[in-house]
1. For the residues GLU176, GLU168, what sequence is obtained by ranking on other C-beta atoms within 10 Å, fewest first?
2. Would you calculate the separation in nanometres between label points at GLU111 and VAL80, each defined as 7 Å from the Cα along the Cα-to-beta-carbon direction?
3. Using a simple charge model, +1 on the beta-carbon of Lys and Arg, -1 on the beta-carbon of Asp and Glu, nothing else, what dipole does region 98-194 show about its Cα centre, in debye to the nearest 20?
Amino acid sequence: MSSNKISKQTLVNYIQEQVENLHKLYILKEQKENIKKDIQLLEEGKKKKKDSKYSEKAKEVISAKLSKMADEKIPQDQKVAIAINTAKRKGLKVPAEKKSKKKKINEGFSEKGIMTVQEWIEKFGSREAAVKLMDNILMRMVGFSSSDLPDTATFANGLDEIEKAFNEKDYNGALEIAKDTAREMLEDEGFGDM
């Protein structure tokens, strides 16, 4: 009988030991996951830091351009966009653009986007809706609207084509025309390839 009690006690001790070992393994696994997350965050932070640096020359060019535009009646965020584009055109190191912004510009309309354009057309007419579309694209590309650029034949012709696409219910075609028109307008203004 005593041997039976010993074996039961031994079994209980063994089970308790195994449970403790499993608990330790679980804690170790959790710690390993946390360390992995910390390392990933550190690496992402280093990458952002690396990508977000301006060269000294770029800082000088941007600062000089902002100083020249100080008295101009342009919103500050637009002045900054113009100054950064000036540095880019000179081939100087500036932070990379956020990919999400570019991705949105390069994709076609979502269902919500098409509904928004249809609302614009109903509310303002197809010509004003074309202007609103151009303004949205220009804001995403350089941070200012068509009213901040000179009226040109490129802009007028682009609006005609967008309006025609709207009338044919070709909303993604209108978007492509608007993107091409915005790029041409910016190139005409010396912004280089956009």
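1. By the 10 Å Cβ count, ascending: GLU168, GLU176.
2. Inter-label distance under the simple model: 3.6 nm.
3. Computed charge dipole of region 98-194: roughly 680 debye.
Each reported figure results from applying straightforward, stated rules to the coordinates on display, with no laboratory input. A quick note: this is a predicted structure, and the numbers were derived from the prediction, not measured. FYI the Cβ positions are ideal-geometry reconstructions off the backbone, even for glycines, and counts take in every protein chain you see.
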